[in-house]
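Written below as structure tokens is the structure these notes are about.
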Amino acid sequence: MENERKLTIARAMAEATAQEMRIDPSVFVMGEDIAELGGVFGNTRGLLEEFGKERVRDTPISETGFIGAAVGAAQDGMKPVVELMFVDFFGVCFDAIYNLMAKNTYFSGGKFNVPMVLMTSTGGGYSDAGQHSQCLYGSFAHLPGMKVVSPSNAYDAKGLMTAALRDPNPVIYMYHKGLQGMGWLGTEKGAIVHVPEESYEVEIGKAAIARAGRDVTIVSIAQGVHHGLKAADKLVEQGISAEVVDLRSLVPLDRDTIRASVAKTGRLIVVDEDYHSYGVSGEIIATVTESNMADLKAAPKRIAYPDVPIPFARVMEQHCLPNADKIVAAARDMCGAPVPA
Amino acid sequence: MQPAKDTLAWMYEKMVTSRRFENAIEKIYMEGKSPVFNMADGPIPGEMHLSDGQEPVAVGVCAHLNPEDVVTATHRPHHQAIAKGVDLKKMAAEIFGKATGLSGGRGGHMHIFDADVNFACSGIIAQGMGPAAGAALSRQIQGKPGVAVSFIGEGAANQGAFHEAMNLAAVWKLPMIVVVEDNAWGISVSKEASTAIQRNSDRAAAYGIPGHYIPGNDPLKIYEVAGEAIERARRGDGPTLIEIETYRLAGHFMGDAEGYRPEGEKDGLFAKDPIPAMRAKLLADGQFTEGELDALENKAQAAVDDAISFARASADPKPEDALTAVFA
């Protein structure tokens, strides 16, 4: 459409936050470089100018301190939005996340709520090596007590952020750097989509069918969805119709949508930029095999990051990352399709 | 700053309540645990960290607090909870793991949460400091009354969370008070062996805030210094770090053989037991009669008996309730 307003995920996140801050005075934002700079990845741009230093706070480099503080503020009736700049940094502050944020509701028998949003960047592909490129979806989704979302496009980014801000629970909001729309990180055009101006929610825990298909189901999240869509484009030329499921949320996980899709196609490929073992890909496959064995026409496959730290050298990292070609090869194999000439 | 008579009475009563409560817990804890001690057995399973001897800290500080003030406590939280006004019956039931407990049995003795009086715990060293800073920040941003007090042990001052939260509180001038209970031992490692400086209150200089060391486990001195720090925070003048010399009359946890203590240390500590000491002082000063203090002790004992009976009589949680309350 001609007059469609397209936004990047970064802009969509900031817009959702700003709209919620206008109507809910308990929402405030803190993190490293989120005020003056507007966030290293652009997702808090403009907030300081509109809401001032009291509600938009640059913090010291003290993730344990300020994430712990967010827990205390949330328990005291506020709705903090905090940023862990790179998800890789969880190692310095995980206690505040999974021993406090994720457990205090339970430990208090539901008497204390911890309504907060922890934004964190994920993903590699730009040679930032193994302390700035991980996804760690499984590490967060594994631990009970926190919701986990990750958008693949700006429409979902805004709606998931609004939903997260209105959720009475802690939400880990994982945004993939390759989708942020920051030029210096490369830009995935498919992530920049129409975003309505008015506020809206995308339900946390509801997957989307990013593309309907018949022969094979490709399940992924964030950047992996775009790999899946590109693979589906190639596969259709080869006579294979792929359905792409965008999970959008890992916790809660929309198992029904995954199962329904595989019931239809009989084949499952999981694309996961997180590590191969003990992670999201295994969970998705278990979700299907625990209930749908009879529906499967082929053993499920996963295209995930190998169980190695992420290397710096471009050729090494690219070798390890999921991509559309790997998905195409897996799908052809599962469909018994001959190798194209 | 001297406490009025009714405050003194409150302090004494709460110290006695805490001690009698723990005496009762200590006894019940051993039920089902002999002749072979197995932590998983008996009406109160799991770890048990008693605070006998540390009561002056709790009452000296909490005497200045209102229900809206926030306290974050430690794995050794009973005295602090009692002084903050946590519901004793529901707390006892929680320690027994009963359905009527504060959290329906999900938390137990290291996770005492009472939203009515803004009391929370963490079983991990120094991890209550971030939440206390956050509660203080919440009050500051919203312009709502109230301060946050984070109780920690002297061992917690060596945690990264201590430094991060202290700096945050200082740089944002938060209405927060950090109270270090220096009982000299981090389980079996002495303060001397673990801590580069003698007094953690000296670390306040690193944050440009006041630091006070209070020797002697003296409830009145604690009352005075804590009162000034809390007033300061209420005025908006920022945080204070207080370290208080206190004594752990029990082991780190029940079952601790305490072989690390020098010979005779415990005898010396019992000789300085702060509860008889306070009773003697109140009598010597002529502020209270024997009868008045006996009445306070009886009141404390009655509250403890009530709480323990309530906990004992309460039903276990439904096992499947373990699957609820993960999310709001």
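What follows draws every value from the coordinates through simple rules; no lab data is involved. Computed from a prediction, not measured in an experiment: that's the story for all the values here. Positions of Cβ are backbone-derived with ideal geometry, glycine not excepted, and every protein chain shown enters the neighbour counts.
For this structure, a couple of remarks:
- Degrees separating the helix A:9-23 axis from the principal Cα axis of chain A, which is the longest one: 40
- Low-density loop positions, GluC sites (Glu not before Pro), the range A:233-290 - DSSP coil, at most 16 other Cβ in 10 Å: A:Glu290
- Peptide A:76-89 is shielded by partner chain Cβ atoms: per residue, an average of 2 of them sit within 10 Å of its Cβ.
- The mean count of C-beta atoms from other chains within 10 Å of the C-beta of residues in B:160-166, rounded to a whole number, is 6.
- Highest mean packing comes first when the peptides B:154-164, B:288-298 are listed by Cβ atoms within 10 Å, giving B:154-164, B:288-298.
- Mean Cβ count within 10 Å, highest first, over the residues of peptides A:221-227, A:199-205: A:221-227, A:199-205
- Stokes-Einstein translational diffusion, the range A:7-194 - Kirkwood Rh over all Cα pairs, 0.692 mPa s, 37 °C, in µm²/s: 203
- Among the listed pairs A:Lys6/A:Lys158; A:Lys158/A:Lys189; B:Lys5/B:Lys89; B:Lys84/B:Lys173; A:Lys158/A:Lys206, those beyond 19 Å (Cα-Cα): B:Lys5/B:Lys89; B:Lys84/B:Lys173
- DSSP bridge orientation in the protein assembly as shown - percent antiparallel, rounded to nearest 5: 15
- The phi torsions of the range A:59-72, fed into the Karplus equation with coefficients 6.51, -1.76 and 1.60 and a -60° offset, translate into couplings of 10, x, 7, 8, 4, 4, x, 7, 6, x, 5, 4, 4, x Hz, rounded to whole numbers, with Gly and Pro shown as x.
- Stretch gain in nm, segment B:Ala313-B:Val171, where the contour uses 0.36 nm per residue and the Cα spacing is subtracted: 46.2 nm
- With R₀ set to 25 Å, the beta-carbon distance separating A:Asn323 from A:Glu237 gives a calculated FRET efficiency near 0.90.
- Shielding of B:245-258 by partner chains, average beta-carbon count, 10 Å: 0
- The modelled label-to-label distance for the pair A:Arg166/A:His142, using points 7 Å beyond Cα in the direction of Cβ, is 3.4 nm.
- Dipole axis of the protein assembly as shown (+1 Lys, Arg; -1 Asp, Glu on Cβ), positive-most option in A:Ser199, A:Pro25, A:Ser277: A:Ser199
- Contact order normalised by residue count of chain A, Cα under 8 Å, 6+ apart, percent: 16
- Taking amide H as placed 1.01 Å from N in the peptide plane, the amide H of A:Arg302 sits under 5 Å from that of A:Val270, each at least 5 places away or on another chain.
- From its DSSP helices (H runs of at least four residues, each -39,500 (n - 2.57)), chain B gives a residue-normalised ellipticity at 222 nm of -13500 deg cm²/dmol.
- Label separation (B:Gln198 vs B:Ala277): 1.8 nm, computed from points 7 Å beyond Cα along the C-beta direction.
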